[in-house]
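The block underneath contains the structure these notes are about, expressed in structure tokens.
The values are calculated or read from the model by the stated rules, or taken from the named source; none is laboratory data. On a predicted model such as this, the values are computed, not experimentally measured, just so you know. Note that each Cβ is placed from the backbone with ideal geometry, even for glycine, and that neighbours are counted across all protein chains shown. All accessible areas refer to the heavy atoms of the entire protein, side chains included, with ligands and DNA or RNA removed. Shrake-Rupley method; radii C 1.70, N 1.55, O 1.52, S 1.80 Å.
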Amino acid sequence: MKEKSIFCVEPNSKLLTLKQNTSIHLYLNNLPKGAAQIKTQLCLKPHSLSAFEANQDVGLHVVIGGKVYPTVCCPAQVDNVCSMSASDKLTRWEVLGVQGALLSHFIQPVYLSSILIGNASCSDTKGLEIAVQQRVDDALTSKLPMFFLVNRPHIGLVPSVFPAWGRSELRTLSLNWTHGDVSFEVVNGEAGKITERSPFKSGASMASRLCKLAMLNRFSLLAKETNREDLLKVATYHEAKMMSISYVEAKCVFKSYLEQKGYGSWIVKSRRSDHFSL
């Protein structure tokens, strides 16, 4: 099993880290919503961005009901279902990693090596480069906890593996699977639930196997497998995340940096979304 794993143990921290020559690549069939789709005139001066130029186009955005709004139009805390734009999430991943708070108990930050856009109608990636690479300075690395850094992935255009255009009802659907799964799962991204015709169904609730409750369940199983008694005592999903001290600290540094640079505030979801238990 160890030979097949993409991870190995880092001796000093006892955390898992990616093996040498192992890389993670993200393929998208469209430019992500938000700052990556900024107007052309801003792309003409990519190296002149500064705090006073950080307007609504290059600032943070929130997605509510499938529509994108600048965070300056929203309160810092919201009760209705929303999320930060895909562009903002990519920016966060380039500082915090893609592993999230729960896995940070077990592994070091995992960063993307490349972000590839496969869309024949997309002529350049200047907006994405500004959103992901130029909103955060390299100097931020010195303020982050150990193992966290400001990552610089390769960004480029590649041939599309699937047509970007299709029936409108298909545009909200996503598929997920991992090696060893019996079948893939089809999720309606707007509803946050699996579809009736999904080959894999978790139960009558139609909840996705990628939902927070499913993640907390796997987290508990992993904590038991690794004899982490401290993690087995957590009462809620929120508590499990907050116990990942280095990740939480890095996240606070990242959010504060964006506010100081004038990009806006990271929207905080309702406390109800994280305060649940198994």
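Between Phe147, Val62, Pro159, the Cα set farthest toward the positive side of the dipole of the chain (charges on each charged residue's Cβ, about the Cα centre) is that of Val62.
From helices alone, the chain scores -6000 deg cm²/dmol at 222 nm; the rule is -39500 (n - 2.57) for each run of n ≥ 4 DSSP H residues, then divide by the residue total.
Measuring max minus min along each principal axis, the C-alpha atoms of segment 238-278 give extents of 39, 22, 7 Å (largest first). Charged side chains reduced to their Cβ positions (Lys and Arg at +1, Asp and Glu at -1) give the chain a dipole of some 340 debye around its Cα centre.
Around the Cα centre of segment 138-278, unit charges on the Cβ atoms of Lys, Arg, Asp and Glu (plus for the first two, minus for the last two) sum to a dipole of about 220 debye. Remark: for residue pairs Lys19/Lys224; Lys126/Lys251; Lys14/Lys251; Lys193/Lys261, the C-alpha separation exceeds 28 Å in Lys193/Lys261. Per atom type, the chain shows carbon and sulfur on 57% of its accessible surface, probed at 1.4 Å. To the nearest whole percent, what portion of all C-alpha pairs in segment 132-212 is separated by more than 21 angstrom? Of all Cα-Cα distances in segment 132-212, 56 percent exceed 21 Å.
Annotation: the antiparallel percentage among DSSP beta bridges lying fully within the chain is about 60. Under 5 Å from the amide H of Ile155 lie the amide H atoms of Ile115, each residue being 5 or more positions distant or on a separate chain, with H modelled from the backbone and absent for Pro and chain starts. Sorting the segments 245-257, 19-31 by their residues' average number of neighbouring beta-carbon atoms within 10 angstrom, most packed first, yields 245-257, 19-31. Measuring how big segment 83-217 is from its alpha-carbon positions, Rg and Dmax come out at 17.5, 49 Å.
Placing a label point 7 Å from the Cα of Ser174 along the Cα-to-Cβ line, the residues of segment 208-226 whose backbone N sits under 12 Å from it are 208-212. The listed peptides 262-269, 228-235, ordered by packing as a protection proxy, come out as 262-269, 228-235 (highest mean of other Cβ atoms within 10 Å first). Over every Cα atom in the chain, the radius of gyration and the widest Cα-Cα span, Dmax, amount to 19.4, 55 Å. Applying a threshold of 18 Å to the alpha-carbon distances of Lys143/Lys255; Lys201/Lys241; Lys67/Lys89; Lys67/Lys212; Lys241/Lys269 flags Lys201/Lys241; Lys67/Lys212 as lying beyond it.
For Tyr27, the residues 5 or more places off, or on other chains, whose built amide H falls under 5 Å of its own are Leu116.
Shape class of segment 95-167 from the Cα gyration tensor (axes a ≥ b ≥ c, square roots of the eigenvalues): oblate, since a/c reaches 1.5 or more and a/b does not exceed b/c.
Net charge of the neighbourhood of Leu144, taken over other residues with C-beta under 15 Å away and scored Lys/Arg +1, Asp/Glu -1, is +1.
Summarising the amide proton neighbourhood of Lys33: residues at separation of 5 or more, or on other chains, whose placed amide H is nearer than 5 Å comprise Ala86, Ser87.
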